[in-house]
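Please read the structure below before turning to the comments.
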Amino acid sequence: MSRVYPFDDAETARAVIDDDGTVLEWNEGARRLLGHPPEAVVGRPAARLLAGDAAVGVPDLPPGARWAGSAGLRHRDGRTVRVWLLAHHRPADGGRGPHWLVVTPLAAEEPGTGDDALAQAGLVQSPCAVAVYDDALRLRRMNAAMTELIGLPEERVRGLRLPEIGGRPHGEDLEQSMLQVLLTGRPLDVRTSLNTAGSERRPRAWLARMAPVTDDGGRVRGVCLVAHDITDSHRARERLQLVNEASVRIGTTLDVARTAQELADVCVPALADFVTIDLLDPEEYGGEPPARVTAPVALRRAAHQSVLEGVPEAVTEPGQIELYPGFSPQADALTGGRTIRATLTAGEIDQWTEWNAARGERVRKFGIHSSMSVPILARGLTLGVAVLARHRSPEPFTADDMLLAEEITTRAAVCIDNARRFSRERETALALQRSLLPRNLPRTAAVEVSSRYLPAARAGVGGDWFDVIPLSGMRVAMVVGDVVGHGIQASATMGRLRTAVRTLADIDLAPDELLTHLDDLVVRLSDESGGEGSPGEVGATCLYAVYDPVSRRCTLARAGHPPPVVLPPDGEPRQLRLPAGPPLGLGGLPFESAEVELTEGTVLALYTDGLMVSGPAGDAGRERLHRVLGGSTDPLEQTCDRVLHALLPHGGAADDVALLLARTRGLPAEQVATWDIPADPALVAPVRKQVVEQLERWSLDEASFTAELVVSELVTNAIRYGAHPIRLRLIQDAATLIIEVSDTSHTAPHLRRAKTFDEGGRGLLLVAQLTQRWGSRHTAEGKTIWAELTVPADEP
């Protein structure tokens, strides 16, 4: 409703005077009282209106206060008019600085001399504060309770309007409500908050009940205003609302620092002007918070908040640790397990403020006068302490405030403990995950690799993993996998699968055969979990690739995993088309391999689906990945960072992410020598000679003797027990000489210990003792026996 006053404003003499004593406004009622027109008064000192040398003793009151008293004023005709004045010191508003509103009622009718309906509505005996206003909304009657409430005698304020009596802007809002009752004839209840005469500085809550006053003919002749003090119920409702708000605002995340900050934010300014949250460091107590603590107590600042910007009252910053002695309120509250309420002005904690000079200086600077130290307890454990202080609010903490702080802190303590437990479990799972993942990827002559692993921002660590496994013949295996679920169980299952992959890779299984064995393992893990499939053991996806730098060909197979992205050195990124293969754990379904040729310098990007789930979905995510890879000439380490920055949101990944980038290398043809071996044992000697000559060309003379013995043994075994054709291949690397003998037989040799009188059986034992390592691998055509010799350090 707009502010409408359809009444005679001149029934009150009213003037506005600024703090310098200059008259700013002069209404018609003031002209009627003293005869001076506005143009003769406005802009001039108000002291000229005082009769003779009289002075009015108006004290130096802050804005919001009032003064009442009598003064002799000079009439225009020269006579002195004795007037009772009510002056309100109003704060700055509407572009005008602090000023005084000075009012006095003009002649008003005595009680009982006006309308009988108004005179009979005084209700002077009512225990409630009652006031009656006429149809001009000017005070006609009020009872003793209302007189005590406003602190002004009835005979002085009779004839004034409510805003003139109260002097505050919200009096105009109440008058508008009274006008509504006057015009509609219907009662109205209004809740308001204001200070009253003799009340504490904190405003009290009131229920103003307004009812029309009618005459015998039913015509509305005024308004009866009854004021009820509802401060206690109002504050109880505020406390309940604050508790409900705390339940909603505290514990929105499983982050300890964030939860502590939410507790501080809820308490300021509703309960305190400055709040600090300090928590015990669990590492000091063996990883778990204690049930009880002893002084002195080391606390880490988790959060703080203030009504002042920048929290200038704080001495300790978040993350810092401070030692609190036994006489500090923090240590007292923690060791006693109870809330400590103190009034600083009474000197109750002087020893503490004197011991810590910086804190004592802040207390004096900001005028902190009252504090509460509330222990944060949950599930029988002591987590920390919340300290609440007041300096802007003038009232000290009450017993009700203490109960409210304890209720909010108790609710927050459970959330902090939940966050602490979650953080500890997440750190444990992450430590397990890190321990199960390769700490350093091997450096091989086949590929240059770089990797990243990021746990999920909310769900925690999961079962994503990657690995790079050197194989025989300078080949290398690259694997990326993802176990269903999150948490320690998923990490443990991932560790079992990664170990299985390394074991299966060590026997040089083809990618499709390796996934078949891995699928059987996941099925057994699901059966061991009781058949219901606990998280992390229901299934998994995997991509396994083997790259040969000699042939520059890569063989890949996948089990429900996203296909890799290939970036040729002179082309555009593209996604490899591979047979999909079922996820691991279904059992009984086949896996297929695909072989592609990769030019030297090709970048192969292997990743888990968390990279696409967390970033743009579907084709948009793949296009962004292609764009980042295609537009990057940076080293692989920087490219990994670019990919994660481009595809993952700033708030963290929705699912854990594993990324493996590999740039292929090729082995020059001059570092490989190959011979076809005839099926005649007598021709082994010429083969040995050719090998020695090749080693001379490679400047590996010192390795010739050992290599000659190994070649002789492996070739002889292939001629005797293998099937034709037989092929010998030497591969020379910077530090390794690899000898490979292949034939078309699928029978693999095995190492055994020959007896004293046995004529044979010592060949492979001799090979094992002369070489760094040896083994066999099956191929589509048969098998290959290989051995690796370490090249002496002084040779190239």
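The residue that is farthest from residue 784 (Cα to Cα), among those in segment 479-509 that are aliphatic (A, V, I, L, M) and touching a His at 6+ places or on another chain (Cβ under 8 Å), is 480.
Has segment 402-415 got at least one residue that is within 28 Å of residue 487 (Cα to Cα) and surrounded by fewer than 19 Cβ atoms within 10 Å (Cβ to Cβ)?
Step one: list which residues in segment 402-415 are within 28 Å of residue 487 (Cα to Cα), which gives 411-415.
Applying the additional criterion that residues be surrounded by fewer than 19 Cβ atoms within 10 Å (Cβ to Cβ) yields 411, 414.
Yes, segment 402-415 contains at least one residue that is within 28 Å of residue 487 (Cα to Cα) and surrounded by fewer than 19 Cβ atoms within 10 Å (Cβ to Cβ).
Got a sec? Which strands (runs of 3 or more DSSP E) wholly within segment 162-280 have at least 3 residues that are touching a residue at least 40 places away in the same chain (Cβ under 8 Å)? Before you say what the answer is, go through the steps one by one.
Values: elements: 188-194, 204-214, 220-229, 274-280.
It comes to 220-229, 274-280.
Exactly one residue among 276, 316 is modelled with pLDDT of 95 or more and either closer than 19 Å to residue 372 by Cα or out of contact with any Asp or Glu (no Cβ under 7 Å at 6 or more places or on another chain) (or both), and that residue is 276.
Within segment 523-537, if we keep just the residues that are in contact with a Ser or Thr (Cβ under 6 Å, 6 or more places away or on another chain) and surrounded by 20 or more Cβ atoms within 10 Å (Cβ to Cβ), the residue that is modelled with the lowest pLDDT turns out to be 536.
The test for being out of contact with any helix residue (DSSP H, G or I) (no Cβ under 7 Å at 6 or more places or on another chain) and either surrounded by 15 or more Cβ atoms within 10 Å (Cβ to Cβ) or over 24 Å from residue 153 (Cβ atoms) (or both) does not hold for residue 61. Within the option set 483, 449, being among the β-branched types (Val, Ile, Thr), modelled with pLDDT of 85 or more and farther than 25 Å from residue 663 by Cα holds for one residue only, 483.
Candidates are the residues of segment 558-592 that are closer than 26 Å to residue 630 by Cβ and small (Gly, Ala, Ser); the one that is surrounded by the most Cβ atoms within 10 Å (Cβ to Cβ) is 580. Selection within segment 678-736: residues that are among the charged types (D, E, K, R) and within 60 Å of the chain's Cα centre (by Cα). The member of this set that is surrounded by the most Cβ atoms within 10 Å (Cβ to Cβ) is 729.
Looking at segment 281-288, is at least one residue part of a loop (DSSP other than H, G, I, E, B), farther than 17 Å from residue 318 by Cα, free of Cβ contacts under 8 Å to residues at least 12 places away in the same chain and not assigned by TED's automatic domain parsing to the domain that holds residue 186?
Taking segment 281-288 and keeping what is part of a loop (DSSP other than H, G, I, E, B), we get 281, 286-288.
Still in the list and also farther than 17 Å from residue 318 by Cα: 286-288.
Those still in the list that are free of Cβ contacts under 8 Å to residues at least 12 places away in the same chain too: 286.
Still in the list and also not assigned by TED's automatic domain parsing to the domain that holds residue 186: 286.
Yes: one or more hits.
Of all positions in segment 431-447, at least one carries a residue that is free of Cβ contacts under 8 Å to residues at least 40 places away in the same chain, closer than 30 Å to residue 603 by Cα, of a type in the set (Val, Ile, Thr) and not in a helix (DSSP H, G or I).
What do you reckon, is residue 291 within 25 Å of residue 416 (Cα to Cα) and not in a helix (DSSP H, G or I)? Judged against the criteria, residue 291 is a match.
Based on what the data block shows, is residue 162 of a type in the set (A, V, I, L, M), farther than 16 Å from residue 229 by Cβ and modelled with pLDDT of 85 or more? Answer is yes for this residue.
To keep it simple, each residue is scored yes or no on (1) free of Cβ contacts under 8 Å to residues at least 24 places away in the same chain; (2) in a helix (DSSP H, G or I); (3) more than 20 Å from residue 257 (Cα to Cα); (4) among the basic types (Lys, Arg).
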{"position": "393", "(1), (2), (3), (4)": "no, no, yes, no"}
{"position": "409", "(1), (2), (3), (4)": "no, yes, no, no"}
{"position": "416", "(1), (2), (3), (4)": "no, yes, no, no"}
{"position": "423", "(1), (2), (3), (4)": "no, yes, no, no"}
{"position": "427", "(1), (2), (3), (4)": "yes, yes, no, no"}
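Count of segment 273-323 residues, restricted to those that are over 27 Å from residue 380 (Cβ atoms) and crowded, with 21+ Cβ neighbours inside 10 Å, is 5. With respect to the conditions (1) outside any strand (DSSP E or B); (2) not assigned by TED's automatic domain parsing to the domain that holds residue 501, residue 384 falls short on a single one, namely (1).
Given the criterion surrounded by fewer than 21 Cβ atoms within 10 Å (Cβ to Cβ), in contact with a helix residue (DSSP H, G or I) (Cβ under 7 Å, 6 or more places away or on another chain), among the polar types (S, T, N, Q) and assigned by TED's automatic domain parsing to the domain that holds residue 397, identify the matching residue among 252, 259.
Numbers: 259 fails: surrounded by fewer than 21 Cβ atoms within 10 Å (Cβ to Cβ).
Going through 252, 259 in turn, the sole match is 252.
The set of residues in segment 336-349 that are surrounded by 13 or more Cβ atoms within 10 Å (Cβ to Cβ) and either within 31 Å of the chain's Cα centre (by Cα) or without any contact (Cβ under 8 Å) to a residue 40 or more places away in the chain (or both) comprises 338, 339, 340, 342, 344, 348, 349. For segment 499-510, check the following and say yes or no: at least one residue is at pLDDT 90 or above, among the basic types (Lys, Arg) and assigned by TED's automatic domain parsing to the domain that holds residue 561. Yes, because at least one residue in segment 499-510 is at pLDDT 90 or above, among the basic types (Lys, Arg) and assigned by TED's automatic domain parsing to the domain that holds residue 561.
Got a sec? Which strands (runs of 3 or more DSSP E) wholly within segment 643-754 have at least 2 residues that are out of contact with any Gly (no Cβ under 7 Å at 6 or more places or on another chain) and not assigned by TED's automatic domain parsing to the domain that holds residue 773?
On the way: elements: 657-664, 672-677, 726-732, 736-743.
Filter on segment 643-754 gives 657-664.
I'd like to check something: does segment 378-385 contain any residue that is of a type outside the set (Phe, Trp, Tyr) and without any contact (Cβ under 8 Å) to a residue 60 or more places away in the chain?
yes
For segment 340-359, indicate whether the set of residues that are farther than 24 Å from residue 296 by Cα and among the hydrophobic types (A, V, I, L, M, F, W, C) is non-empty. So far as segment 340-359 goes, yes, one or more of its residues are farther than 24 Å from residue 296 by Cα and among the hydrophobic types (A, V, I, L, M, F, W, C). In segment 11-48, the qualifying residues are those that are without any contact (Cβ under 8 Å) to a residue 12 or more places away in the chain and part of a loop (DSSP other than H, G, I, E, B), and the one that is surrounded by the most Cβ atoms within 10 Å (Cβ to Cβ) is 37. Checked against (1) of a type outside the set (S, T, N, Q); (2) within 23 Å of residue 260 (Cα to Cα); (3) surrounded by 15 or more Cβ atoms within 10 Å (Cβ to Cβ), residue 360 passes all but condition (2).
Tell me yes or no: at least one residue of segment 278-300 is within 19 Å of residue 259 (Cα to Cα) and of a type in the set (Ser, Thr, Tyr). Spell out the reasoning first.
Step one: of segment 278-300, the residues within 19 Å of residue 259 (Cα to Cα) are 278-282, 288-289, 299-300.
From what is left, the residues that are of a type in the set (Ser, Thr, Tyr) are none.
No, that holds for no residue.
So for segment 656-664 (the condition being surrounded by fewer than 14 Cβ atoms within 10 Å (Cβ to Cβ) and touching a strand residue (DSSP E or B) at 6+ places or on another chain (Cβ under 7 Å)), does at least one residue qualify?
Our first condition is that a residue be surrounded by fewer than 14 Cβ atoms within 10 Å (Cβ to Cβ); within segment 656-664, this holds for none.
Checked against the condition, which is being surrounded by fewer than 14 Cβ atoms within 10 Å (Cβ to Cβ) and touching a strand residue (DSSP E or B) at 6+ places or on another chain (Cβ under 7 Å), segment 656-664 yields no hits at all.
The values are calculated or read from the model by the stated rules, or taken from the named source; none is laboratory data. Computed from a predicted structure; not experimentally measured. For neighbour counting, all protein chains shown are included, and Cβ atoms are generated from backbone atoms with ideal geometry for every residue, glycine included.
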